Each structure stands twice: as structure tokens, then as C-alpha cells.
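The values are calculated or read from the model by the stated rules, or taken from the named source; none is laboratory data. Predicted model, so just to flag it, every value in this text is computed and none were measured. Cβ coordinates were reconstructed from backbone atoms using ideal geometry, including for glycine residues, and neighbour counts include every protein chain displayed.
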Amino acid sequence: MKTLIAFYSRADENYMAGRLEMLKVGNTEVVAEKLQKIAGGELFKIEQVMPYSKGYNDCVEEAKNDQRRNARPELTHYPDSIDDYDVIYLGYPNYWGTMPMAVFTFLEHFDFSGKIIKPFCTHEGSGLGNSVRDIKKLCPNAEVKKGLAIHGSNASRSDEQLEEWR
Ligand SMILES: Cc1cc2nc3c(=O)[nH]c(=O)nc-3n(C[C@H](O)[C@H](O)[C@H](O)COP(=O)(O)O)c2cc1C
């Protein structure tokens, strides 16, 4: 079984437990790296050609605008192929109840038929929201497993949750 851990994550300014902080590594990236240690597999970071702003408020405006117009932000690169992967862990932050639009771009780029998708998200209170439903819509012929939601401020302490879920 070959495993891919594809994730979207934004460092820079973000709310952590009610306070604005400058993060060097985004919460979802912290979790993705832990997951790789636990479950193995290859990491792939989903990145936009035009990243959102470093400042939290500007980022919120830009991301909201992309979500409103159902945008598909262009990505900098993709894995050459997903043919060899049986299991794809998909990680992302919760942005208003679903995934950042760049993750929609990623999911639409490949045919996930017959793949197992295991979604995990980090959030500040909304859990997985509608993200799993949206993944199922975008990848109708994939087997989408139960998702895992990790509170952003617990990202660095998520080992046990990951062990249980994976
Ligand atoms: C643009 C934006 C929208 C967000 N919307 C939500 C939301 O609707 N619900 C929620 O629980 N958290 C929301 N958050 C918080 C993030 O999901 C949370 O901080 C996450 O851990 C960030 O992951 P990252 O550091 O990997 O990007 C939002 C954050 C941003 C920047």
C-alpha cells in the first residue's frame, strides 16, 4: 500500500486560542508531518501560485472572496501522478465550513476513482464542517473514510489522536 499525504496549510499570522500570532509552520503542516512519522508515506504540500496575505485580516478577505466566487486558485505544482497511491490522506484547515478553494483545485486535477481518501482538518471550533461532503462530491468514486478534526492549538499535541484514527 503506497500512501500520499497531501495537505494545504498557511503559516504567517493566525488566531491561536483567541490571540493573533505569527506562525512559522501552519497547524495542518505540523499535523501532516506527525502523520508521516506515524503512518509513513510521502508528503505533498498544496500551494497556490498567488498565496494569501501574511496578515490575518487580508488573508480572510482574499480567502472569503475566493470562496464566494467558487474560485479554483492556480497551484504551483502537482504530484506527477497519483496512480501508484492506494491511500491518500488529505489535510486542510477549515475555512468557513469547508476546505480552502486550492484544495478543490487539487481534487479536480486528478481522478480519485478507487482510491481511499482519509480527510483530516485543523480548525478553531467548527471541526470538519461540510468538508467531507464536499470531498465526496468532488471524488464520487473514491472511498472517503471517516475524517479527523484537530483543534489548531492542539496541532503539536495531536499524536495520540492520529495514532487512534489512522
Ligand atoms: C481564512 C480563514 C478562515 C477560517 N475559517 C474558519 C472556520 O470557519 N471555522 C473554524 O473553525 N476555523 C476557521 N479558521 C481557522 C483555521 O481553520 C485554523 O486556524 C487552522 O488550524 C489553520 O490551519 P493552517 O495553520 O494549517 O493554515 C479560519 C482561518 C482562516 C485563515
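Quick look at the numbers
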quantity: Which numbered condition residue 39 misses (of (1) away from the ligand (no atom under 13 Å from the Cβ); (2) within 17 Å of residue 122 (Cα to Cα); (3) touching a Lys or Arg at 6+ places or on another chain (Cβ under 6 Å); (4) not aromatic (Phe, Trp, Tyr)); calculated: (2)
quantity: Pair list, Cβ under 8 Å, 6 or more apart: segment 75-95 residue free of Cβ contacts under 8 Å to residues at least 12 places away in the same chain, other residue buried (at least 22 other Cβ atoms within 10 Å of the Cβ) and not in a strand (DSSP E or B); calculated: none
quantity: Identity of the residue in segment 20-36, closer than 11 Å to residue 91 by Cβ and β-branched (Val, Ile, Thr), that ends up surrounded by the most Cβ atoms within 10 Å (Cβ to Cβ); calculated: 31
quantity: Segments classed as strands (runs of 3 or more DSSP E), wholly inside segment 1-67, with at least 1 members that are modelled with pLDDT of 95 or more and hydroxyl-bearing (Ser, Thr, Tyr); calculated: 3-7
quantity: Selection within segment 107-160 - more than 15 Å from the chain's Cα centre (by Cα), farther than 26 Å from residue 80 by Cβ and not acidic (Asp, Glu); calculated: 125, 153, 154, 156, 157, 158
quantity: Filtered residues of segment 140-166 (kept if within 16 Å of the ligand (Cβ to nearest atom) and touching a strand residue (DSSP E or B) at 6+ places or on another chain (Cβ under 8 Å)); calculated: 147, 148, 149, 150, 151, 152, 153, 155, 158, 161, 162
quantity: Residue in segment 51-69 that is farthest from residue 111 (Cα to Cα), counting only those that are within 17 Å of the chain's Cα centre (by Cα) and in contact (Cβ under 8 Å) with a residue 12 or more places away in the chain; calculated: 59
quantity: Test: residue in segment 98-118 that is touching a Ser or Thr at 6+ places or on another chain (Cβ under 6 Å), on the phi > 0 side of the Ramachandran plot and within 16 Å of the ligand (Cβ to nearest atom); calculated: no
quantity: Among (1) closer than 30 Å to residue 19 by Cα; (2) assigned to a loop (DSSP other than H, G, I, E, B); (3) within 15 Å of the chain's Cα centre (by Cα) - the single one residue 89 does not satisfy; calculated: (2)
quantity: Checklist (1) over 27 Å from residue 162 (Cβ atoms); (2) buried (at least 19 other Cβ atoms within 10 Å of the Cβ) applied to residue 89, failing item; calculated: (1)
quantity: Residues (out of contact with any strand residue (DSSP E or B) (no Cβ under 8 Å at 6 or more places or on another chain), part of a helix (DSSP H, G or I) and either among the acidic types (Asp, Glu) or touching a residue at least 40 places away in the same chain (Cβ under 8 Å) (or both)) located in segment 108-139; calculated: 108
